[in-house]
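What follows is one structure encoded as structure tokens, with my remarks underneath.
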Amino acid sequence: MEGQDGKGNNNSNQKADKRFALCYMGWSSLDRRTTLPMLPWLVAEIRRKSEKNESGPGQAREVQLYLSPTMIRCVPANSSNPSVFIFEHKAQFISRFIHNSHDLSYFAYLIRSQPDNPESEMACHVFKACDPNQVPEVISSIRQVSNAALKEESKPRQDSDESFYNSQKFEVLYCGKVTVNHKKAPSTLIDDCIDKFRQHEIERKRLRLLNGQRSSTEAHVDTGSLLGVFPECILEDSDFGEQQEIRTRCNSLAGGLQKRPREAGKGSTRRRHASEPNNVQPSDADKNRTMLFQVGRFEVNLISPDTKSVVLEKNFKDISSCSQGVKQTDHFGFICRDVVESGPAQYVCYVFQCASESLVDEVMLTLKQAFTTAAALQSSKNQIKLCEACPMHDLHKLCERIEGLYPPRAKLAIQKYLSELSDNEQVNIFERVQKMKPASDHEENELVILHLRQLCETKQKSHVHIGENASGSTMTSDNSGAGRNKLDALKNKARSSLTSSLENIFSRVCVCCPSMSSWFLYILVCICCFSDHMDGWELLPLSPRALNRDQNPQVSPLSSEQRFGGEKGRRSPADYRALWKKAIHQQILLIRMEKENQRLEASRDELHIRKMKLDYQEVCQCSKEVQALWDRKLSSPCRTKVQWDKEEIHSAVCQGISVPKSRRGEVWLLLSQQYRLRHRLPQRQQPPETSYQDLLKQLTTQQHAILVDLGRTFPTHQYFSTQLGAGQLSLYNLLKAYSLLDTEVGYCQGISFVAGLLLLHMSEEQAFDTLKFLMYDLGIRRQYRPDMISLQIQMYQLSRLLHDYHRNLYTHLEEHEICPSLYAAPWFLTLFASQFQLGFVARIFDLLFVQGTEVIFKVALCLLSSHEGEILECDGFESIVDYLKSTIPTLTHSQMEEIITKATEMDISKQLHAYEVEYHVLQDELSDAPPPSEDSDRLDKLEKANSQLKKQNMDLLEKLQAARLKIQTLEGSVESLLSRESKMKHLIRSLEQEKASYQKTIERMRSSLPSDAMAEVEMTQLKSSTNGKAKETACKKPPSY
């Protein structure tokens, strides 16, 4: 409950402090190098401690959070004295907010203890609200207080930690890569590479025609004249050939690009320039080569929206130069070091294409700024010191890699990270985690990340950054420890290198010699499966032509008894055949089990993603009868060719209580197909016949607007919350494809919410087909046109509906000059998806596929009518607009059911058509209106005179206010003088009273003295008075010079 902390004794113009009733979960200190992917794990750690009542910096308790203009204070709920607080800090110290997407009732914020010291620690405070809808209001209020405090200080806000891992993203077309002999690029390198790529493409097409090959994996060139241009074997570089881990953004949708073995080309006989392209590896034109080029803080990433994975990652230190094409101005590239397993590192130039030359200029400028910023961070003492070898940077990479992953997959990634630590560190973390007895994989991951964070923070304190020299004492004292750490690191690298080498050997054997691959696999099966059951040399024969140990006794130094487990007899050929048959069956079974395991794992991940997508509360629960009805309809063999009864479909959707959530996407596809069977669009109104995959291969000019809106679309939904995760990349693909399909509309804000809701219920291609149905067949695309005339017509129709059906509400809104475009435009542009709950919006989409766009007017009218009484009670412009935008979307479950029921029973199609005709008639009348007459000129003069009078009135008001301020100051001075006068009068009266008392005392003393003494006293007074007068005359006499 939000209330006001009234302070009547303060200035009346000062606003009362805000306060919120929350549950304070606790706090924790953290290093300034803690990044955004690490924060959810930190919040989970604080939550776990508070829920299990563990000892820590803070315990869960009911509190009141007071927000004053300069301070934020957390006070216990049972305390009536605000001066007794748990903590307080300045509002401008807040640097970041964290809103948990899994549980919307939790939020946290970070504060800087010493803003001027970049190496100082930060603190994270975690709260829980009783109502999840209260959290945005609390965060907004805290942010307003913080911004106001920053403005008062007149200091620019330090956004170094806010943009710590922010990055710029651009859509590019990957052209290929070439091997060069020098790290510096000549000005014509990009143009030369493009020419080589084109020559290779021509040669590949020629070879296809000659050989009739449709495969694009390899192109062997035998022409002697081309040996100077092409190597013997040119690899299609669709997988980038990188010997690095491909980080999948989401395990169910991301498929790692297959790695292929490198083949070295023959050296050219002619002499080459130092930077001339040598080994040319263009990309495959048949595949989707569009990528997202991400410029991070210390690295450049190339993300494939098609495979949902990072296919290339290069650190800034490995990049030697960047260049733009001279003739091909829409191309650019960079040269970097490429580590090869055998031999020294070589330099490789990656070439990309952008949609326009201006975009290339922007990319080059961004790279230049990123390089400059990275160099400044390495050398500047006032910035946060961070290098690629920092432990906190490694932890950031781990948290970024496991963000959004299924807990078992995240556990595997964490275990791989742990394998790179030293043995002592691994044992220590394992023992600590096991002592806490985690109940699930997710809880175990949280505990491991907790201890990893503590370990990395400890290492970070003694870490020496790249390019820095440690002091001699440090080197001497830490020499032994550093040696041990290096030895452990070498051990882990050797271990991982051996594993990867074996995998590469087996993969190469399988590719190069399929006949030998089975024997290698068979050796592996024998070692793994029979080592526990066989003694000594009791191994299965590797081939039917195995060596005969009797003929060659030197093969084994063991005796026959040792060889056969103590048996004195020899094995017969039948025994060998049985063992051989058993081994083959076990190998086949192992391969089948491996395939089944992969299939089950993929199915589990798919179910997890599907469950994540459909994580919303349904408005109306679907009964078993209705679900069985839809199952029968969806399983009908002729559902896409035979028209169904329209009334039957209407009753199934509108009167059948609901549509099953698990099959809602299939139902929408079925309804769109039935609509197309009944209504055929004219040829000129149909969308272009371009496939979804072909559109994904093109570049769009709308990329910036799309990329910006990705994070704004359903930001609290788990599927879309991960930055550049599977959800956001799928949404990018869908919006990009439609912007290329519909060039008139392109991309408009609002389409992302419609596309996002479709992606939650179906695949990308199905969502694209359904989006085309909504835009073209139902005509929703008209409201997204640049002129937005259709949206203006819809706003007029809604206003007329209010006028005819709810006259009081219409009059009330008109009196406060509130038109429908102020509150209803987002409802129409996003189909209610941007403000209302997903279950309610999904139910609206059910009706939309049956009744068309008329449903949007019905729902809007029902929403306004159900809140008519509350809107009429609002008596101001701001209060009415705030109620329409904030309160109406927070519907209860019963209200949503009532609105859907009312909307299905309404029929306003005739009225909508009449209002549209009326709008066009009014527009024609306005366009055909006569030119302005003398009355209009007179009206213009009066309006000008009125504006001048208003201006004079404002000037007089300002003067009046200044005079009032002066009068107030004068009145204040008068009051001070009067108070001073009263004090002086009071002092005079006290002095007079004191004088009178003294005179009375003197009279009493005189009366008590004898007459002789009185005469002497009088003579003494006379002499003293005479002397005093003489002194006065002497003082008044002017001095003589």
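Straightening the chain between R639 and H679 buys 12.8 nm, computed as 0.36 nm per residue apart minus the Cα-Cα spacing. Between K966 and K941, the FRET efficiency from the beta-carbon distance, with R0 = 41 Å, is close to 0.65. Using a simple spin-label model with pseudo-atoms 7 Å out from Cα toward Cβ, S187 and R980 lie 8.1 nm apart. Cross-link pairs exceeding 30 Å in C-alpha to C-alpha distance, out of K287/K641; K128/K435; K646/K772; K196/K317, comprise K287/K641. Extending 7 Å from the Cα toward the beta-carbon at both K646 and Q598 defines two label points whose distance is 5.1 nm. Averaging 1/r over each pair of different alpha-carbon atoms in segment 806-885 and inverting the result gives 13.4 Å, the Kirkwood hydrodynamic radius.
Given the pairs K611/K661; K624/K902; K308/K397, which are separated by over 20 angstrom at their Cα positions? K624/K902, as the Cα separations exceed 20 Å there.
Full extension of the chain between N147 and K1023 yields a length gain of 307.2 nm, computed as 0.36 nm times the residue separation minus the alpha carbon distance.
Which GluC sites (Glu not before Pro) does segment 775-871 hold that lie in a coil by DSSP with at most 15 other beta carbons within 10 Å?
Of the GluC sites (Glu not before Pro), the ones in loops of segment 775-871 whose Cβ has at most 15 other Cβ atoms within 10 Å are E817.
Residues F840, F371, sorted by accessible area with the largest first, give F371, F840 [1.4 Å probe; ligands and nucleic acids excluded].
Among the protein heavy atoms of segment 793-844, carbon and sulfur supply 48% of the accessible surface, probe 1.4 Å, non-protein parts ignored.
Using only the heavy atoms of the protein chains and a 1.4 Å probe, how would L455, L848 rank by accessible area, largest first?
Details: L455 40, L848 5 Å².
The ordering from most to least exposed comes out as L455, L848.
Rolling a 1.4 angstrom probe over the protein heavy atoms with all chains in place gives segment 847-1002 an accessible area of 72 Å² per residue. Calculated FRET efficiency, K90 to L822, Cβ-Cβ distance, R0 = 45 Å: about 0.75 to the nearest 0.05. Here each label is just a point 7 Å from Cα along the line to Cβ, and for Y776 and K624 those points are 4.3 nm apart. Sites listed here are trypsin sites (Lys or Arg not before Pro) in segment 291-348 whose DSSP assignment is loop and whose Cβ has at most 10 other Cβ atoms within 10 Å: K327.
In the context of the full set of protein chains, segment 389-443 has a per residue accessible area of 52 Å² (1.4 Å probe).
Note on exposure: V43, V708 ranked by accessible area (1.4 Å probe, complete protein assembly) read V708, V43, with the most exposed listed first.
Of the solvent-accessible surface of segment 659-755, computed with a 1.4 Å probe and all protein chains present, 47% belongs to carbon and sulfur. With R₀ set to 60 Å, the beta-carbon distance separating T901 from L926 gives a calculated FRET efficiency near 0.90. Accessible surface of segment 853-935, 1.4 Å probe: 51 percent of it comes from carbon and sulfur atoms.
The values are calculated or read from the model by the stated rules, or taken from the named source; none is laboratory data. Keep in mind that this is a model prediction, so the values were computed, not measured. Methodologically, a virtual Cβ is constructed for each residue, glycine included, from the backbone with ideal geometry; neighbour enumeration extends over all protein chains shown. Surface accessibility is based on the protein's heavy atoms, side chains included, excluding ligands, DNA and RNA. Shrake-Rupley method; radii C 1.70, N 1.55, O 1.52, S 1.80 Å.
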